[in-house]
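Structure, as C-alpha cells:
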Amino acid sequence: MGEILSQSEIDNLLKAMSTGELDTDKIAHQDEKQVKNYDFARPAKFSKEHLRTLEFIFEHYGRLLSTTLPVYVRKHVQVSVVSSETVVFSEFSNALINPVILGVVNFNPLPGTVIIDLASNLGFAMIDRMLGGQGVPLKKGRDFSEIELTIIEKIITICMQLMREPWKSVVEIDPFLEKVETNPQFAQLISPTDMIAIVTLNIKIGDVEGLMNMCLPYFTLEDVIDKLNTKYWFSTIKDSSEEDFQQYVEMMIRKVDVPVKVQLGTNTITVNDFSNLQCGDIIRLDTKTDSELSVYVGNIKKFTALPGTSDDKYAVRVTSVIREEE
C-alpha cells in the first residue's frame, strides 16, 4: 500500500504544479522502463565480466610465455594483453589473410576446439631464430615449407601446454594440438554464426612485434561460463609456494643450451706458419697426454678432465669440479 499524503502535503503539491515548479511530464517518464536494443543475430553470450576474467587468465598466460619462449628463441620476449571482445566467428575468419598460422587446439575435457592465431611475421622470426639466424622476418610473405611447419607445430605445442596453469582456477584442462592450418579457407571449424570471445596478445621478440589471437567459442566454454567471473577466479587462486617456484626455475634452467668446450692445450706460432698450415701438419701443445685438461662452460672454467674415447668417439672424463671460491 502506498504512502498516504496529508492535506498540507497535497496543498503544497498542487501549488507547485500550478506555479510550474513541478514538471508532471518528468514524473510520468520516471515510471517508464528503459528499453535496450537487443540484436538476436548476435546475442551477448559473453558479458563484460566474462571478458575481464579471460583477460586475467591470459595475463597470467602471457607471463608464462615471456619466461618460456626465450629458452627456445634465445631472445628477450615481452607479452601483454591488448584487448578482448566478442564477435561472431564469420567476422574473425573473414579478417584472416593468407598465409596464416592457425593452431587448432582441443580443450579436453571441454567440447569443441580453441583456435590460436599467430601473426606470420612472428612465425618466420621464430623459425629464423631457431634455425640459427638473427630472428628477422621475411620482407615478403610466402607459404610455409614442410620443415617450417614442423617447427611451427613445435612452437604452438609449447604455447598450448602453458595454458594448463592459467586455466587451473577455472577447470583442469588437458589440451592437445589437432593440426596447424595456413589457409583460412580450411579453418571453418566453427559455425559462422556462433559467438566467440577473442583475447588479443601482443608479443615482442627482440625487435619483431606481432599479435596472437585466442579464439574461444561460447560452445566450448558454456559448461564453465559461470566460473568466468573475477570473484570466483580470485577465490580459487592458490599462491605458489617458494619451493614450487624454485622447482619451476630449476626446470626452466635445465632446458637452456650452454656451450661446453675442452681446451687440449696452447702453443704460440708465427702468422707465417699459421697461414702455411696444411693437412697432416702437427702442432706441439704445452700439455702431456696424461695431463688434466680444462673444461669450460661458456667462458668459465668449470671442470678438469682426462682425455679418452667412448664408443670410438673422442671423450673426456671429469676428474674435479672447480668451485667459485677456487
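A short reminder: the numbers here are calculations on the coordinates, not readings from a lab. The model shown is predicted, which means the values in this text are computed figures rather than measured ones. Glycine also receives a Cβ, built like all others from the backbone with ideal geometry; neighbour counts cover every protein chain displayed.
Karplus-derived 3J(HN,Hα) values for the range 50-57, using 6.51 cos²θ - 1.76 cosθ + 1.60 with θ = phi - 60°, are 5, 5, 5, 5, 4, 5, 4, 4 Hz; glycine and proline are entered as x. Database remark: amide H of residue 206 closer than 5 angstrom to the amide H of 76, 78 (H placed geometrically; neighbours at sequence offset of 5 or more, or on other chains; Pro and chain starts carry no H).
Taking the convex hull of the Cα atoms, report for the range 260-321 its projected area averaged over all directions, in nm². Hull-based average projected area comes out at 5.6 nm².
In this simple spin-label model, placing a label point 7 Å from the Cα along the Cα-to-Cβ direction at both residue 154 and residue 290 gives a separation of 4.5 nm. A straight chain from residue 96 to residue 227 at 0.36 nm per residue would run longer than the Cα-Cα distance by 44.1 nm.
With Cβ to Cβ distances under 11 Å as the rule, what net charge do the other residues near residue 70 carry (K, R +1; D, E -1)?
Values: positive: 74, 75, 129, 255; negative: none.
That sum, taken over residues with Cβ under 11 Å, equals +4.
Assuming charge only on the beta carbon of Lys and Arg (+1) and of Asp and Glu (-1), the dipole of the range 48-254 about its Cα centre is about 560 debye to the nearest 20. Between amide H atoms placed 1.01 Å from N, distances below 5 Å from residue 322 occur with 303, 304, all of them 5 or more places distant or on a separate chain.
By per-residue mean of other Cβ atoms within 10 Å, what is the highest-first order of 117-127, 62-72? Walk me through the numbers before you get to the answer.
Details: 117-127: 22.5, 62-72: 17.6.
Highest to lowest by the protection proxy: 117-127, 62-72.
Overall size of the range 48-254 from C-alpha positions, given as principal axis extents largest first: 47, 46, 26 Å.
Peptides 283-290, 73-80 ranked from most to least packed give 73-80, 283-290, packing being the mean of other C-beta atoms within 10 angstrom over each peptide's residues.
Mind pulling up the Rg/Rh value for the range 41-166? Radius of gyration and Kirkwood radius, both on Cα. Please list the in-between numbers first.
Numbers: Rg = 15.9 Å, Rh = 16.3 Å.
Ratio of gyration radius to Kirkwood radius: 0.98.
Modelled spin labels at residue 262 and residue 164, positioned 7 Å past Cα toward Cβ, are 3.7 nm from each other.
Peptides 132-145, 259-272 ranked from most to least packed, by the mean per-residue count of other Cβ atoms within 10 Å: 132-145, 259-272.
Applied to the range 119-130, the Karplus parametrisation 6.51 cos²θ - 1.76 cosθ + 1.60 on θ = phi - 60° returns per-residue 3J(HN,Hα) values of 4, 5, 5, 5, x, 5, 5, 5, 4, 4, 5, 6 Hz, with x for Gly and Pro.
Run the dipole for the range 260-321 about the Cα centre, Lys and Arg Cβ at +1, Asp and Glu Cβ at -1, nothing else charged, and hand back the magnitude in debye, nearest 20. Before the final figure, lay out each step's value.
Values: 7 positive and 7 negative charges, 58 e Å.
Roughly 280 debye for the range 260-321.
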